[in-house]
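Read through the structure below, which is laid out as C-alpha cells, and then see the notes.
Where a number appears in this text, it was derived from the coordinates with a stated rule and is not lab data. All values reported here derive from a predicted model rather than from experimental measurement. Cβ atoms come from the backbone with ideal geometry, glycine included; neighbour counts cover every protein chain shown.
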Amino acid sequence: MEIKGKVIAITGASSGIGEATALMLAGMGAKVVLGARREDRLRSLVDRIVTGGGEAVSSVTDVKRPADLNSLIKLAMEEYGRLDVMINNAGISKLSRIDALDVDGWEEMIDVNLKGVLYGIAAALPVFKQQGSGHVINIISTSGIKIVPIQGVYAATKNAVRTISEALRQESNGAYRVTGISPGYIQTELVDGIEDPDLKAAAKERMSSLGISPDAIASAVAFAIGQPSSVDVGDIVVRPAAQD
Ligand code: NDP
C-alpha cells in the first residue's frame, strides 16, 4: 500500500477513531500530524508512536478555530515539507430529541462536525493545489444513512459533510482525492458527551454491546490512502455486522 512516507494530518486524534488511525498509519510508515484539544493525550500518543520507531508531531487544535487548523497544516509543512492527506475526524454527538430544543447542542455539533470539517478543508486545499495532489478524508456516520430519532441534528451535520465531500470530489477534476467514511457503532468515547442521563446510558449500552473496534475504521482509512494515486475511493460504510 502507498502509505509509507506520506504526511497525514488527523483531527480528533486524542481518542477513539483518530487515535487508532494515527497508530495504524504511523505503524505503516506514515508521518502523522495530530490535532485535538487535549494536549496531554496528544503528547502521550506522539511519545508512543516515536518510541515505537514512528514519526509524529502534534499541535493543540480546536476545529472551531480556523487559525488552529492553519497551524496544524503549517506544522506538517515545517516538519515534513508537504501534506498528503487531511483526515477530518473530530466530531461530537450531543444526541437529543429535536423537541428537547437543545439549541446549544445543535450549535456545538454544527460548529464541530460541519464547520470544523470545512475549516479543515480550507486549511489543506491551498497546499494540495500547490502540490497538485492531496487527499481529503472525512469521517461521516451511518447516522446519516439510516435516519432514526434522537440523532436528527447529528445526522444532519454528517449528511452535510457527505454532500460537501461529493461536490469537492467532482470539483477536484482528478487533482486530489476525496473519501467519505461512514462508521456505524464503534467503541469510543463519543457518547460520553450526551447530556440526558437516560439517553447517555442507553447509547453507552448499545455501544458496548454492539460496537466494534476503532481499528475497523483505521483499516478503511488505510485502504483508501493506500490505493494508487489514480484511484479515488469515494464512500465506505463500516458498521458492526449486527447493526440494524
Ligand atoms: P471520540 O469522542 O473518542 O473522539 C472524538 C475526537 O474529536 C476526540 O479526539 C476529541 O478530542 C475530538 N474533538 C472533539 N471536539 C473537538 C474540537 N472542537 N476540536 C478538535 N477536536 C475535537 O469519538 P470517535 O472516535 O467515535 O469520533 C471520531 C469521529 O467518528 C467523529 O466525527 C464521530 O462523529 C465519528 N463517528 C463515530 C461513531 C462511533 O460509533 N464512535 C459512529 C459514526 C461516526 P479533544 O476532546 O481532545 O479535542
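Worth pointing out:
- Rounded FRET efficiency, nearest 0.05, which uses the C-beta distance separating S219 from D192 and R0 of 22 Å: 0.35
- Scanning residues 5 or more positions from I137 or on other chains, those with amide H under 5 Å from its amide H are M86, I87, N88, T179, with H placed 1.01 Å from N in the peptide plane.
- The stretch between A122 and I145, if pulled fully straight at 0.36 nm per residue, gains 5.7 nm over its current Cα-Cα span.
- Simple label model, 7 Å out from Cα along Cβ direction - L101 to A67, nm: 3.6
- For peptides 125-136, 222-233, sequence by mean Cβ density within 10 Å, most packed first: 125-136, 222-233
- Note on the chain: with charges restricted to the Cβ of Lys and Arg (+1) and Asp and Glu (-1), its dipole about the Cα centre is near 540 debye.
- Per-residue Cβ neighbour rank within 10 angstrom, fewest leading, S15, S143: S15, S143
- The amide H of A30, built 1.01 Å from its N in the peptide plane, has G5 as neighbours under 5 Å, considering only residues 5 or more places off or on other chains.
- Here the residues S14, S213, ranked from fewest to most Cβ neighbours within 10 Å of their Cβ, fall in the order S213, S14.
- Computed 3J(HN,Hα) for the stretch 76-82, one whole-Hz value per residue from the Karplus formula 6.51 cos²θ - 1.76 cosθ + 1.60 where θ = phi - 60°, is 4, 5, 5, 7, 10, x, 6, glycine and proline marked x.
- Rounded to whole numbers, the Karplus 3J(HN,Hα) couplings from phi for the stretch 61-70 are 9, 9, 5, 6, 10, x, 4, 5, 5, 4 Hz, using 6.51 cos²θ - 1.76 cosθ + 1.60 with θ = phi - 60°, and x at Gly and Pro.
- Here the Karplus curve 6.51 cos²θ - 1.76 cosθ + 1.60, taken at θ = phi - 60°, turns the phi angles of the stretch 101-109 into couplings of 6, 7, 4, 4, x, 4, 5, 4, 5 Hz, with x standing for Gly and Pro.
- Over the stretch 1-48, the Kirkwood radius and the radius of gyration, each from Cα atoms, give a ratio Rg/Rh of 0.96.
- Nonlocal amide H pairs with S58, under 5 Å, H built at 1.01 Å: L34
- Partner aspartates and glutamates whose Cα lies under 16 Å from the Cα of K146, excluding those fewer than 8 positions away in the same chain, are identified as D235, D244.
- Residue-normalised convex hull volume from the C-alpha trace of the chain: 114 Å³ per residue.
- By the beta-carbon count within 10 Å of each Cβ, the least crowded to most crowded order of I98, I10, I121, I17, fewest first, is I98, I121, I17, I10.
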